[in-house]
1. At 0.36 nm per residue, minus the direct Cα-Cα distance, what do residue 41 and residue 234 gain on full extension? Give it in nm, one decimal, please.
2. Protein chains only, probe 1.4 Å: how do 69, 76 rank by accessible area, largest first?
3. How would segment 24-146 be classified by its alpha-carbon gyration tensor: rounded, prolate or oblate, with rounded meaning a/c under 1.5 and the a/b versus b/c comparison settling the rest?
4. Note down the relative contact order for segment 161-248 as a percent, whole number, built from C-alpha pairs under 8 angstrom at least six residues apart.
5. What whole-number value in Å² describes the accessible area per residue of segment 207-246 for a 1.4 Å probe?
6. Go through segment 17-47 and name the trypsin sites (Lys or Arg not before Pro) that are in a DSSP coil and have 16 or fewer other Cβ atoms within 10 Å of their Cβ.
7. With springs only between Cα atoms under 10 Å, which of 230, 199, 219 fluctuates most in a Gaussian network model of the chain?
8. State, as an integer percentage, the relative contact order of the chain based on alpha-carbon contacts under 8 Å between residues 6 or more apart.
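The values are calculated or read from the model by the stated rules, or taken from the named source; none is laboratory data. The shown structure was predicted, so the numbers you read here are calculated from the model rather than taken from an experiment. Note: ideal-geometry Cβ built from the backbone for every residue, glycine included; neighbour counts use all protein chains shown. What goes into the accessible areas is simple: the full protein's heavy atoms, side chains included, and nothing from ligands, DNA or RNA. Shrake-Rupley method; radii C 1.70, N 1.55, O 1.52, S 1.80 Å.
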Amino acid sequence: MFDLNGKIALVTGGSRGIGRAVAEALAERGAHVVVGYVRGEDQAREVVAGIAARGGKAELVGFDVSDMTRAEEAVTGIAKRLGRLDILVANAGIAIDALLLRVKEEDIDQVFSVNVKGALGCARGAIKAMMRARYGRVIFLSSVVGETGNAGQAAYSASKAAIIGLSKTLAREYASRNVTVNAVAPGFIDTDMTRAISDAARAELLKGIPLGRVGSGADVAAAVVYLASDEAAYVTGQVLRVNGGMYA
């Protein structure tokens with residue numbers, strides 16, 4: 001099951017955290033993985049080297065998803081160079097937290113440029129190739145706060161809610177071309193972003209997670225692998241929640 005041999009996959013934000021776990025998991029299932037990054041080239045090279053050391057296939061490509069036009073061009077270029085693009089995992093994202101009355105307009109613009117316009121640009125590049133092949137898997141990374149909201153995260157939660165709407169719309173637009181589009185909505189996952197949370201805040205968050213633990217990148221990656229596989233061929237327009245039960 002979940003055999004991805006011969007598939008070409010692009011993972012944006014693949015140099016660390018959830019993106020790294022996803023890239024490694026897709027490669028383990030046989031996909032040729034393109035690791036996208038904008039900063040942290042050394043980390044991206046480590047991911048590629050690690051995949052190769054385990055017998056997998058991977059390469060890296062640097063581009064800034066916040067520039068929608070360049071993101072589309074970069075993805076189009078990857079598909080052209082490799083002959084096709086079967087799987088897009090639009091994972092790149094940022095969070096700039098502040099209460100609504102304190103958040104700066106430039107911070108809102110930056111969050112939406114990366115999280116929403118970046119996803120749109122990458123999807124446009126990928127779907128053009130997928131339509132020609134009459135096959136594709138587009139997987140967006142949303143967040144539990146895109147469904148529940150969270151105090152102090154007005155821009156971030158709004159951007160992740162937008163990703164859910166985008167997923168559902170593209171699923172309807174491209175189903176006839178055998179392109180499925182879904183979102184994965186992680187909960188509290190152990191990443192660089194969440195490690196910055198204080199111990200007191202972490203303890204309080206854990207109280208709201210029925211499974212009683214922080215999730216891992218591997219937990220999220222497993223959901224992505226499923227949605228990328230042929231076993232999920234009849235799944236589109238869905239939000240797959242990976243949150244330990246904190247929101248159902």
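1. Full extension from residue 41 to residue 234 adds 65.8 nm.
2. 69, 76
3. On the way: a/c = 2.08, a/b = 1.50, b/c = 1.38.
Cα axes put segment 24-146 in the prolate bin.
4. For segment 161-248, the relative contact order is 44 percent.
5. Here the per-residue accessible area is 50 Å².
6. Hits after loop and neighbour filter: 39.
7. Looking only at 230, 199, 219, the largest GNM fluctuation is found for 199.
8. The normalised contact order for the chain reaches 20 percent.
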